[in-house]
1. Under the 0.36 nm per residue contour assumption, what length would be gained going from the current alpha-carbon distance of Arg450 and Arg233 to full extension?
2. Through the Karplus equation 6.51 cos²θ - 1.76 cosθ + 1.60, θ set to phi - 60°, convert the phi angles of the range 139-153 into ³J(HN,Hα) values in whole Hz; use x for Gly and Pro.
3. Relative contact order of the chain, please, whole-number percent, based on alpha carbon pairs below 8 angstrom and at least 6 residues apart.
4. Kindly write out, for the range 96-101 in residue order, the coupling ³J(HN,Hα) from the Karplus curve 6.51 cos²θ - 1.76 cosθ + 1.60 (θ = phi - 60°), rounded to whole Hz, with x marking Gly and Pro.
5. Using the Cα centre of the range 291-370 as the reference point, and only Cβ charges (+1 on K/R, -1 on D/E), how large is the resulting charge dipole? Debye, rounded to the nearest 20.
6. Using 1/(1 + (r/R0)^6) with R0 = 30 angstrom and r between the beta carbons of Asn414 and Ala42, what's the FRET efficiency to the nearest 0.05?
7. Remind me, relative contact order of the range 124-288 in percent, using alpha carbon pairs under 8 angstrom and six or more residues apart?
8. Which order do peptides 41-50, 84-93 fall in by mean Cβ count within 10 Å, highest first?
Amino acid sequence: MRLIIAGGLKGQIIAAAKIAMSKGAAVTHTESLDQTLAVLRAKGADLLMIDVVQPIAAYVAALEAERIRTPIIACGTSTDARAAVAAIQAGAREYVPLPPDPELIAAVLEAVASDQTSLIWKDPAMERVVQLATQIARSEAPVLVTGESGTGKEVIARHLHQKSGRKDKPFVAVNCAAIPDNLLESELFGHEKGAFTGAIARRIGKFEEANGGTLLLDEVSEMDVRLQAKLLRALQERMIDRVGGTQPVKVDIRIIATSNRNLGDAVRDGLFREDLFYRLNVVHLRLPALRERPGDILALADHFAKKYAELNGLPIRPVAADARKVLLANGWRGNVRELENTIHRAVLLASGPEIGASAVLTPEGEALGPVAGRDTASRAAQTAEAMTRSLVGNTVADVERELILDTLDHCLGNRTHAAKILGISIRTLRNKLSEYSSAGITVAEPGQTRISAA
Ligand SMILES: Nc1ncnc2c1ncn2[C@@H]1O[C@H](COP(=O)(O)OP(=O)(O)OP(=O)(O)O)[C@@H](O)[C@H]1O
Ligand SMILES: [Mg+2]
């Protein structure tokens, strides 16, 4: 765990730093936003603890501007109550009161470290995957993880890292689909100061940040072909070139790549380099959809019921027999993520000593289960028929545009999700959206719909 503590190192923050170090964190101390940014650019960090007297909003904005996703925790004494509220509003993940309580500091570090590492399974289909993962975890072999959205690809990648000899080194994830092509290269390989407009300082890339550890290339299928060539070279030669750099830099990393498209098909369609595919696909872990491993449903439900009770400060309640029936009968198209969200809601909605079926609902508050599913299906069929009738008279381009913009609204502006639902690549989606924007058509920004943006 790499921790930066930002702020004047006065007595109580020193105590917090000491506690963190005794829990195994590598602590760097910085005194200002500029210094903090310099450390983040030079070597990255897993967590940033900031004294509330610092300008927290400026930190949040600066990290966002540089696409640095290190979580921020504010800390201060009880006399800073107003500052605490402001810090959370400004985007700090949590507020830790000083003087530091060793258990609280330990809990925060633990939460950051293990938030995404617990891997729950019970079904034999999943047992086989976890066994293979554990067997090859200690090797240096690249791993390709595939599976539908929400099946736990990132969870298994973190598991691989935890079980490897690299576990005390960084685990760094990059989502290749979420970053525009022109920025992805510097995101991966870093850049020198002045390499392009906006490159205000040297910044190391994810390859260097992950040095000694594991680099997760999420949705690698979305990387453009030119960059695929550079990635291949980095893997073959264990050297990278920073953008605008003159000297190649040696890196030692283990690569895990994920894709929710069939990479073999992408190779056949000429969208993905065959040589890169073979480099990445040394070991292939295929995560079954949740419906293909029903034995996991209740184990996961119990795990999430406990997790969300703890997170919300509620008593831990068992999942009742009628609720279990509903959970087992559902189709879980959104896989573990959908189950997790469903249980999260159920924990909040349930009244009484158990979590009953009446608390197990869709986000719209409707009942789950096969009967509700049929209703939804017949409603959908009716809607589809009505829609087809209303479409006649429009051009294909008009219909396509409406479909894309509506889907984007539905996904609250999330490009990755919208592209998945539409079955097109994120690049195609981006191109269409910029076409619409330049024609003066409103497009939902991330986190918004067209209506909330207007
Ligand atoms: N086996 C598991 N045990 C515990 N939690 C899990 C498991 N599988 C998935 N989860 C949880 O479900 C959610 C989705 O998992 P994850 O992000 O790993 O999926 P993914 O396959 O990477 O999805 P996407 O393709 O959308 O990126 C996460 O909150 C994760 O913690
Ligand atoms: Mg993922």
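1. Fully extending the segment from Arg450 to Arg233 adds 73.9 nm.
2. Ordered by residue, 3J(HN,Hα) equals 7, 9, 4, x, 10, 10, 10, 10, x, 4, 4, x, 8, x, 5 Hz.
3. 12 percent
4. 10, x, 10, x, x, 9
5. 120 debye
6. After rounding to 0.05, the efficiency reads 0.45.
7. On the way: 301 pairs, mean separation 56.2, N = 165.
Relative contact order for the range 124-288 comes out at 34 percent.
8. 41-50, 84-93
FYI, it's all coordinate maths here, none of it is from the lab. Since we're looking at a predicted model, the values are computed, not measured. Note that we place each Cβ from the backbone using ideal geometry, even for glycine, and neighbour counts take in every protein chain shown.
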